[in-house]
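Novice: Supplied in structure tokens, the structure appears directly below.
Computed from the coordinates by the stated procedures, all read-outs in this text should not be read as laboratory data. Note that the coordinates shown come from a computational prediction; the quantities given were computed from them, not determined experimentally. Positions of Cβ are backbone-derived with ideal geometry, glycine not excepted, and every protein chain shown enters the neighbour counts.
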Amino acid sequence: MKSRATKSVSGRSPSRPKEFFERILIAGAGGQGIIVLGKLIAVSALKTVPHITCFPNYGAEVRGGASNSQVILSSREIGAPIADRFESLILMDQESADNYLGSLAAGGLTLVNKSRCRVKSSDSILALDASAEAEKMGDARVANLIMLGAWIARKPVLEVDQVEDGIRRMFGGKALTLVELNLRALRRGLELGEC
């Protein structure tokens with residue numbers, strides 16, 4: 001994809017266009033942080049994005065069942081909180097890839113967790129070994145933050161500082177080590193996304 005952040009991992013990404021409409025689908029299995037990731041994107045955008053929707057969808061299973069979160073970030077009013085086409089897909093497992101790869105809008109970007117998906121990279125698909133990277137960091141649960149970092153590196157919709165603040169707000173009541181782990185995972189994703 002051509003729309004990449006041009007600053008380094010510690011720097012700020014370029015600002016998004018004045019007019020924008022970004023439909024994002026995050027999908028995977030329960031327990032992969034799908035709902036948390038959707039909420040984090042929405043919380044991170046609160047101060048700078050005028051119109052936001054976040055629509056989580058999950059089954060009765062606590063872990064393992066299908067789960068997705070649709071987030072829309074827009075400079076104009078949003079007509080419906082759910083969509084069937086997306087400018088961004090973040091797919092964490094094979095079932096999600098099977099179900100949603102066809103819902104990418106023209107010119108969009110798909111990120112797949114190749115640790116759990118048999119999908120190859122292409123012009124519109126970035127395959128990352130997010131689960132393996134998270135395990136190297138000592139906690140498989142941060143694969144979602146690695147994927148988010150890579151998405152931010154490729155899509156100038158949110159700035160890194162906004163998402164880091166969102167992590168601190170959402171996880172601030174938890175142990176400081178959890179906040180730091182999530183920040184490190186986000187930064188690792190930024191590095192992988194810039195490659």
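Novice: Can you work out the Karplus-derived ³J(HN,Hα) for every residue in the stretch 79-93? Use 6.51 cos²θ - 1.76 cosθ + 1.60 with θ = phi - 60°, whole Hz, and x for glycine or proline.
Specialist: x, 8, x, 10, 9, 10, 10, 9, 6, 9, 10, 10, 10, 9, 8
Novice: In terms of Cα to Cα distance under 18 Å, which aspartates and glutamates are near enough to Lys18, apart from those fewer than 8 places away along the same chain?
Specialist: Candidates past the 8-residue exclusion: Glu77, Glu87, Glu159.
Novice: Also: Whole-Hz Karplus ³J(HN,Hα) for the stretch 18-26, in order, using 6.51 cos²θ - 1.76 cosθ + 1.60 and θ = phi - 60°, x for Gly and Pro?
Specialist: Rounded to whole hertz, the list is 4, 9, 8, 8, 10, 9, 10, 10, 10.
Novice: Report the residues of the stretch 117-139 in range of a label on Ala106: point 7 Å along Cα→C-beta, backbone N strictly under 19 Å from it.
Specialist: 123-125
Novice: For a quick check: with amide H placed at 1.01 Å from N, whose amide H comes under 5 Å from His51's, ignoring anything fewer than 5 positions away on the same chain?
Specialist: Answer set, sorted by chain and number: Ser74.
Novice: What does the convex hull of the Cα atoms come to per residue for the stretch 60-106, in Å³?
Specialist: 103 Å³
Novice: Kindly flag which residue pairs out of Lys120/Lys174; Lys47/Lys136; Lys39/Lys114 have an alpha-carbon separation exceeding 30 Å in this structure.
Specialist: Long pairs (Cα-Cα over 30 Å): Lys120/Lys174; Lys47/Lys136.
Novice: Please compute the length gained on full extension between Phe21 and Asp161, using 0.36 nm multiplied by the number of residues separating them and subtracting their Cα-Cα distance.
Specialist: 48.3 nm
Novice: In deg cm²/dmol, rounded to 500, what helix-only [θ] at 222 nm does the chain give when every DSSP H run of at least 4 residues adds -39500 (n - 2.57) and the total is split over its residues?
Specialist: Rounded to the nearest 500, the figure is -11000 deg cm²/dmol.
Novice: Step through the residues of the stretch 113-123 one at a time and calculate ³J(HN,Hα) from phi using the Karplus curve (6.51 cos²θ - 1.76 cosθ + 1.60, θ = phi - 60°), rounding each to whole Hz and writing x for Gly and Pro.
Specialist: 7, 5, 5, 10, 10, 9, 10, 8, 5, 8, 4
Novice: Given a Förster distance of 30 Å, report the FRET efficiency between Ala175 and Ala132 from their Cβ-Cβ distance, rounded to the nearest 0.05.
Specialist: Calculated transfer efficiency: 0.75.
Novice: While we're looking at this one, here's another question. Of all DSSP beta bridges in the chain, what percent run antiparallel (nearest 5)?
Specialist: Among the beta bridges of the chain, antiparallel pairing accounts for roughly 55 percent.
Novice: Where does the charge balance sit around Leu176 when Lys and Arg score +1, Asp and Glu -1, over other residues with C-beta under 15 Å from its C-beta?
Specialist: +1
Novice: Next up: Which residues in the stretch 138-169 have a backbone N closer than 12 Å to a point placed 7 Å from the Cα of Leu46 along the Cα-to-Cβ line?
Specialist: 165-169
Novice: Looking at the square roots a ≥ b ≥ c of the eigenvalues of the Cα gyration tensor of the chain, which shape do they give, rounded for a/c under 1.5, prolate if a/b is larger than b/c, or oblate?
Specialist: rounded
Novice: Using the number of other C-beta atoms within 10 angstrom as an exposure proxy, rank Asp98, Asp139, Asp123, Asp93 with the fewest first.
Specialist: With the sparsest Cβ surroundings first, the list reads Asp123, Asp98, Asp139, Asp93.
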